[in-house]
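**Q** I am attaching a structure below and will ask some questions about it afterwards.
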Amino acid sequence: MYGQINSACVYGVEGRMIQVEVDISNGLPQMSIVGLPDSAIRESIDRVRAAIKNCGFTFPLARITVNLAPADIRKEGSAFDLAIAVGILLTSDQILIEDAEQILMIGELSLNGEVRPIPGVLAMIDHAKRHGIRKVLLSAGNAPEAALIEDMDIYAIQHMNQLVPEDDSNRALNVGKLRFIPNVEFNEHGHSNIDVTQEDYADVLGNQQVKRALIVAAAGMHNILLVGPPGTGKTMLIRRLPSILPPLQEDEALEVTKIYSVVGKLTGQQEGLLKTRPFRSPHHTISAGGLIGGGSIPKPGEVSLAHKGVLFLDELPEFTRAVLEVLRQPLEERSVTISRTRAVFHYPAHVLLAASMNPCPCGYWGAETPQHRCSCSMPKIAAYRSRISGPLLDRIDLQVEVPRISNHKQIGPTMSSEEMRTQVLTAQAIQIERYRRLPIAWNSELSGSALRRYTQLTPEADLLLQQTYEALGLSLRANDRILKLSRTIADLAEKEHIEVEHIAEAIQYRNLDRNVGGSTM
């Protein structure tokens, strides 16, 4: 006897359709699972056997072979338990389910037959939808998350006993009675379980130039580094960055929510897709694998959890050199590739890198006061800064000094997050219209011919950029970063062409490129 059930697994951060084939034949009673299963799937033999018996069904005393196809893909996790159990019951004619071949079945089983939720449901169902599947049978705990995918019929069960037809004379189960209907309409803006601050920039006194730099960074998704002595508000400024970022677009929201689904960070009370851009702030003791992802069973790292949002690295030089260097590929390609013996995993990693650092180990070089004198030697300062390589600094668009405010009583009016966000949204609308036919959304993504096409400079601006390139000995990458910054600054001014003042402002944000001795930077 042969049966087949549709199931799915997570491969990287995307779903993958898996066919669960069940064959029951004469022979010594035993059950085996083939198709590159991991230990969790092999252990499902005992879970499935106990669940079937404890739900009042009969576990066939025959030779049972379960194949997870395609057989060349390594499968992991407990998502196949429900499909294997239902496949055995269907193949042994203990239950009938109408159109079972058109239903995706995912879920973990307990020994008493309870159907438990699993991570990665959103990615699996989205992939199944693209392959023509419109019905899903899964745990009631995963139902609210599954309902985020439109045009899908969700059938939720809490226990395998619900697969028993109410009418014993008819063994066919009408799954329509199990259909899940959300209790609430999904909020347009959703609710995020991501840890973001809701503080306002109005709370930050002064630092108008730094706030302007943060507006530019948010408007074009440009990487930014703040450099200054302790207590000048670097961390406070960056932690308020989410308050001026635009909400996620619909396609971005689905992409980000799928990542959080895969790592199991969505709550059962989630209403709608995540709309708030992620803000991740890992500790400086994080490993390279924790930052970009990996492990024996590869999982997304912090840089992927910050996808379409902010990755904040506080006290940048305190991170080990090896950890910082692994950021080169994600910052350039906006994705992470992790290779293993049997597979290659790709994780999205389009982030706005925001970092802060002191000018020296003690923090007071170039910003000394009678109370705080710099005690660092020049070799010590050089060693401190050498932890950040030149290629990594090249990938940071804005390098901004955060000075100490000498007299807080002379601080003038300060911008609020609402005022700053209005400017950001204006620039974003211009970019959405400009790049509507391209696979990009932000000025920071420009490259190649598109960069030359959309960064039209006036003759004076072009001359200034050429002179700066020669005077500062910039790399071609730094030159392109200045062009992208200038494009964003021009968008904030609602100008079609890049003018000399836009280039001049962009150059001012490359403080570390202008470090030619004697500078506090």
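The values are calculated or read from the model by the stated rules, or taken from the named source; none is laboratory data. In this text, all values refer to a predicted model and were calculated from it rather than measured experimentally. Backbone-built Cβ (ideal geometry, glycine too); neighbour counts: all protein chains shown.
**Q** Within the range 98-118, can you find the residues that are within 21 Å of D151 (Cβ to Cβ) and in contact with a strand residue (DSSP E or B) (Cβ under 7 Å, 6 or more places away or on another chain)?
**A** Selection gives E98, A100, E101, Q102, I103, L104, M105, I106.
**Q** Of the residues that sit in the range 43-61 and are among the aliphatic types (A, V, I, L, M) and either buried (at least 19 other Cβ atoms within 10 Å of the Cβ) or at pLDDT 95 or above (or both), which one is farthest from V164 (Cα to Cα)?
**A** Only one residue tops the list, namely I45.
**Q** In the range 432-487, which residues are hydroxyl-bearing (S, T, Y) and surrounded by 13 or more Cβ atoms within 10 Å (Cβ to Cβ)?
**A** Scanning the range 432-487 gives Y435, S444, Y454, T455, T458, T468, Y469, S475, S486.
**Q** May I pose another question? Among helices (runs of 4 or more DSSP H) lying entirely in the range 246-334, which contain 2 or more residues that are surrounded by 19 or more Cβ atoms within 10 Å (Cβ to Cβ) and over 10 Å from the mean Cα position of the chain (by Cα)?
**A** By residue number, 250-262, 288-292, 321-325, 328-333.
**Q** So A40 fits all but one of (1) at pLDDT below 95; (2) part of a loop (DSSP other than H, G, I, E, B); what number is the exception?
**A** (2)
**Q** State the number of residues belonging to the range 32-54 that are among the polar types (S, T, N, Q), more than 26 Å from P298 (Cβ to Cβ) and touching a Leu at 6+ places or on another chain (Cβ under 8 Å).
**A** Result for the range 32-54: 1.
**Q** Residue check, Y347 against (1) modelled with pLDDT of 95 or more; (2) crowded, with 23+ Cβ neighbours inside 10 Å, all met but one. Which one?
**A** That leaves (1) as the condition not met.
**Q** Name the residues in the range 491-511 that are more than 29 Å from the chain's Cα centre (by Cα) and not charged (D, E, K, R), would you?
**A** Within the range 491-511, A493, H497, I498, V500, H502, I503, A504, I507, Q508, N511 meet the criteria.
**Q** Ok, one more. Listed residues L82, L111, L68, L28; which is more than 31 Å from the chain's Cα centre (by Cα) and either at pLDDT 95 or above or of a type in the set (S, T, Y) (or both)?
**A** Just a single option satisfies the conditions, and that option is L111.
**Q** Then there is this: Restricting attention to the range 358-382, which residues are among the hydrophobic types (A, V, I, L, M, F, W, C) and either closer than 16 Å to L512 by Cα or surrounded by 11 or more Cβ atoms within 10 Å (Cβ to Cβ) (or both)?
**A** Selection gives C360, C362, W365, A367, C374, C376, I381, A382.
**Q** With respect to T341, determine if the residue is of a type outside the set (G, A, S), surrounded by fewer than 20 Cβ atoms within 10 Å (Cβ to Cβ) and outside any loop (DSSP other than H, G, I, E, B).
**A** When the stated conditions are applied, T341 does not pass them.
**Q** Sticking with this one: Tell me which residues, restricted to the range 107-164, are under 17 Å from I84 (Cα atoms), of a type in the set (A, V, I, L, M, F, W, C), touching a helix residue (DSSP H, G or I) at 6+ places or on another chain (Cβ under 8 Å) and assigned to a loop (DSSP other than H, G, I, E, B).
**A** Of everything in the range 107-164, those that are under 17 Å from I84 (Cα atoms), of a type in the set (A, V, I, L, M, F, W, C), touching a helix residue (DSSP H, G or I) at 6+ places or on another chain (Cβ under 8 Å) and assigned to a loop (DSSP other than H, G, I, E, B) turn out to be L111, I118.
**Q** Another one. Is it the case that A355 is in contact (Cβ under 8 Å) with a residue 40 or more places away in the chain, surrounded by 18 or more Cβ atoms within 10 Å (Cβ to Cβ) and not in a loop (DSSP other than H, G, I, E, B)?
**A** Against the criterion (in contact (Cβ under 8 Å) with a residue 40 or more places away in the chain, surrounded by 18 or more Cβ atoms within 10 Å (Cβ to Cβ) and not in a loop (DSSP other than H, G, I, E, B)), A355 qualifies.
**Q** Right, next: Of all residues being closer than 19 Å to I297 by Cα and not acidic (D, E) in the range 4-16, which is modelled with the lowest pLDDT? Just the residue, please.
**A** Ranking the candidates gives G12 first.
**Q** OK, next. Could you tell me whether any residue of the range 69-77 is among the aliphatic types (A, V, I, L, M), crowded, with 16+ Cβ neighbours inside 10 Å and not in a loop (DSSP other than H, G, I, E, B)?
**A** no
**Q** Can you list residue pairs whose Cβ atoms sit under 7 Å apart, with the first residue in the range 201-221 being buried (at least 17 other Cβ atoms within 10 Å of the Cβ) and the second being among the polar types (S, T, N, Q) and assigned to a loop (DSSP other than H, G, I, E, B)? Count only pairs 6 or more apart in sequence or on different chains.
**A** Sorted first by the residue in the range 201-221, then by its partner, the pairs are Y201/S416; V204/T414; G206/T414.
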